[in-house]
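Each remark here refers to the structure printed beneath this line.
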Amino acid sequence: MWGVAGFALLLVYTILRLGPIALETFGHQLRWYHWLALLLNVSLMAYSEGYRGFQKSFSPRVVARARYLQQHPRLLAVLFAPLYCMGYFQTTRRRQRATFGLTIGIIVLVVLIRSLDQPWRGIIDAGVVVGLSWGLISLLFFSVQAVTAAEFDYSPEVPEEHVS
């Protein structure tokens, strides 16, 4: 539970930080191309980040790793359960590389986007808020599913040496 809750809190925190910046966009005089960029970005982020990224991949894996951790507790993994569930350690080499690569990419994008002026920053942040909100909802959905179902058919992607 700590792993999923910790990650959910990270999503909530980010949504609450970026939401006001996204809303600030509507206080500016938006031209047709701003509206088009907003529509395209929100649609793209809902599909790519929300649906494909979170719902189809990341959220079920986070929950599967939390469920695996509950059944196979290890001290380090339990203490750092949110990081464990996100795949930063005790996962396959491929997943760990992907997780760290994605993290570095996100950090670079955050630094670049922070330098943008409004309304462009808000337009981008609106898409991120939509994607992260979709991710949070999918995380909660899969969490309920994992708790209520006898089987949860998603891989926790743990390396062979950790499988008991």
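The values are calculated or read from the model by the stated rules, or taken from the named source; none is laboratory data. Being a predicted model, the structure only gives us computed values, none of them experimental. Virtual Cβ from ideal backbone geometry, glycine too; neighbours counted across all protein chains shown.
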### Query
Among V78, V110, which is closer than 24 Å to G19 by Cα and either of a type in the set (S, T, N, Q) or out of contact with any Ser or Thr (no Cβ under 7 Å at 6 or more places or on another chain) (or both)?
V110
### Query
Do we find that L69 is surrounded by 20 or more Cβ atoms within 10 Å (Cβ to Cβ) and either in contact with a Gly (Cβ under 7 Å, 6 or more places away or on another chain) or closer than 17 Å to A126 by Cα (or both) in this structure?
yes
### Query
What's the number of the condition Y33 fails, among (1) buried (at least 17 other Cβ atoms within 10 Å of the Cβ); (2) farther than 30 Å from T91 by Cα?
(1)
#### Entry: Matching residues, region 126-158, being acidic (D, E) and over 22 Å from W2 (Cβ atoms)
E151, D153
### Query
Within region 121-161, which residues are free of Cβ contacts under 8 Å to residues at least 24 places away in the same chain and within 19 Å of the chain's Cα centre (by Cα)?
I137, V144
### Unique match (being of a type outside the set (D, E) and either at pLDDT 95 or above or buried (at least 16 other Cβ atoms within 10 Å of the Cβ) (or both)) among L9, L76
L9
### Out of E157, E161, sole residue that is among the charged types (D, E, K, R), in a helix (DSSP H, G or I) and at pLDDT below 90
E161
#### Entry: 1 or more residues among the polar types (S, T, N, Q), without any contact (Cβ under 8 Å) to a residue 12 or more places away in the chain and more than 28 Å from R114 (Cα to Cα): qualifying helices (runs of 4 or more DSSP H) within region 5-100
59-71
